[in-house]
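Notes for the one structure printed next.
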Amino acid sequence: MDKKDHALAIVKAGLNAVPVIGGSLASLIDDYVPSSTQESIEKVTQLLGEELGALKDRIDTEAVDKSEFSDLFKSCYLTIVRTSQRSKLQAVASILANLLLRRNDPDKLSYNELDHAIRCVESLSIGAIHTLGVAYSLGKKEGKLYKERPFLFDFEWLQKSSGIEPSLLFGLVGELNMSNLLHLPGAPSIRTENYGNYPIELTPLGVRFVERILKNGG
């Protein structure tokens with residue numbers, strides 16, 4: 001029994017001791033968690049195969065730094081076993097495929113950026129990832145996505161486009177700000193209701209994350 005299975009056994013034993021519903025919760029974990037993890041592994045394998053198939057001769061496995069690949073793969077695997085969300089599984093496949101690109105490929109990201117990206121994928125909530133996608137769509141619609149310059153807009157615009165309640169949405173923006181995928185330059189001197197006039201920037205890092213990691217840049 002590995003550490004993961006041992007931890008599940010401890011949780012199930014504790015739940016079985018809870019009156020009335022404990023046994024049902026333990027059964028839910030026993031029935032769903034292992035199969036969900038296996039499905040995630042299979043899904044990433046499929047997505048990675050599709051990525052590599054599309055890239056074809058742009059891949060160079062001989063040039064990959066073995067220690068970097070090992071470290072990045074272990075970080076990716078932790079994400080795989082912790083989620084069943086397609087957006088995160090797609091990101092894992094994209095990160096691994098990008099690492100295998102030839103050194104001179106225009107879409108290749110540095111190892112440092114890929115390492116940052118997988119930690120973003122692991123730590124960000126699904127709501128934050130969705131919010132980043134909405135911000136990207138706004139920038140693309142306005143034709144203001146640049147390689148070296150951020151796209152600046154007001155929080156109210158993001159809120160209307162996302163349909164998410166303002167206080168939750170501001171929390172999601174805060175998640176993205178911590179990773180510099182979105183940036184909060186600062187509070188306005190006179191603030192409007194529900195954070196409406198707070199400035200937000202979609203950073204170049206955020207644009208690359210959407211286009212090359214989430215693969216929903218369109």
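The values are calculated or read from the model by the stated rules, or taken from the named source; none is laboratory data. What you see is a predicted model, and the numbers here were worked out from it, not measured in a lab. Positions of Cβ are generated from backbone atoms using ideal geometry, with glycine treated the same way; all protein chains shown enter the neighbour counts.
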- Item | Where a residue in the stretch 146-175 is assigned by TED's automatic domain parsing to the domain that holds T131 and assigned to a strand (DSSP E or B) and its partner, wherever it lies, is modelled with pLDDT of 95 or more and polar (S, T, N, Q), with Cβ under 8 Å and at least six apart | D154/N197
- Item | Any pair with Cβ under 7 angstrom, 6 or more apart, that starts in the stretch 96-121 at a residue that is of a type in the set (S, T, N, Q) and ends at one that is outside any loop (DSSP other than H, G, I, E, B) | N98/L114; N98/R212
- Message: I want to confirm something. Restricting to the stretch 132-151 and keeping residues that are surrounded by 15 or more Cβ atoms within 10 Å (Cβ to Cβ) and in contact with a strand residue (DSSP E or B) (Cβ under 8 Å, 6 or more places away or on another chain), which single residue is modelled with the lowest pLDDT?
- Response: L145
- Query: Among the candidates D115, D107, which residue alone is assigned to a loop (DSSP other than H, G, I, E, B), of a type outside the set (K, R) and within 26 Å of Y77 (Cβ to Cβ)?
  - Reply: D107
- Task: Check whether at least one residue in the stretch 180-189 is hydroxyl-bearing (S, T, Y), in a loop (DSSP other than H, G, I, E, B), exposed (fewer than 15 other Cβ atoms within 10 Å of the Cβ) and touching a helix residue (DSSP H, G or I) at 6+ places or on another chain (Cβ under 8 Å), and report yes or no.
- Result: no
